[in-house]
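The values are calculated or read from the model by the stated rules, or taken from the named source; none is laboratory data. As the structure is a prediction and not an experimental result, all values here were calculated from the model. All Cβ positions, glycine included, derive from the backbone under ideal geometry; neighbour counts span all protein chains shown. When the accessible area is computed, the model is the full protein with side chains, heavy atoms only, and any ligands, DNA or RNA have been set aside. Shrake-Rupley method; radii C 1.70, N 1.55, O 1.52, S 1.80 Å.
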Amino acid sequence: MVNAILSILSVLLFCFCCHQFIKVVVTPQPRLNATGYSRTALNMKRIYVIFSWGTMTGVFLLGLVVSFYQVYTQL
């Protein structure tokens with residue numbers, strides 16, 4: 001029962017991370033800088049956010065694979 005709950009949770013978290021990751025990658029950077037930050041700082045922020053969501057997506061994908069393997073071996 002615990003493995004089934006963990007696998008459902010890992011699927012939901014993986015889907016959320018994939019959604020956020022795709023949203024960040026697809027969102028274009030604005031042409032006009034309306035903030036007080038430099039363009040380099042905005043590029044750094046974008047790279048950091050893409051790296052962070054990508055890392056979290058990868059971790060949850062690994063957790064998803066492990067949990068489904070555990071469920072499959074117990075069946």
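Between 0 and 90 degrees, the angle of helix 2-26 with respect to the longest Cα principal axis of the chain falls at about 20 degrees. Per-peptide packing, taken as the mean over residues of other Cβ atoms within 10 Å, places 48-54, 26-32 in the sequence 48-54, 26-32 from highest down.
Given a 1.4 Å probe, how much area per residue of the chain is accessible, in Å²? It would help to have the intermediate numbers written out before the result.
Numbers: 6030 Å² over 75 residues.
Per-residue accessible area for the chain comes out at 80 Å².
Seen against the Cα atoms of the chain and their longest principal axis, helix 39-74 is set at about 10 degrees.
Figure legend: label point modelled 7 angstrom from the Cα of residue 41 along Cα→Cβ; residues of segment 1-35 with amide N under 11 Å from it are 35.
Per DSSP H run of n ≥ 4, the term is -39500 (n - 2.57); total these for the chain, divide by its residue number, and report the mean residue ellipticity at 222 nm rounded to 500 deg cm²/dmol.
Calculated from helices alone, the mean residue ellipticity at 222 nm is -29500 deg cm²/dmol.
The length gained on full extension between residue 51 and residue 70, counted as 0.36 nm times the residue separation minus their Cα-Cα distance, comes to 4.0 nm. Counting only protein heavy atoms, what percent of the accessible surface of the chain is carbon or sulfur at a 1.4 Å probe? Ligands and nucleic acids excluded, carbon and sulfur reach 76 percent.
Working note: Debye formula, equal point scatterers on the alpha-carbon atoms of the chain, no solvent; log10 I(q)/I(0) at q = 0.19, 0.20, 0.24 Å⁻¹ is -0.78, -0.83, -1.01. Remind me, relative contact order of the chain in percent, using alpha carbon pairs under 8 angstrom and six or more residues apart? Value for the chain: 59 percent.
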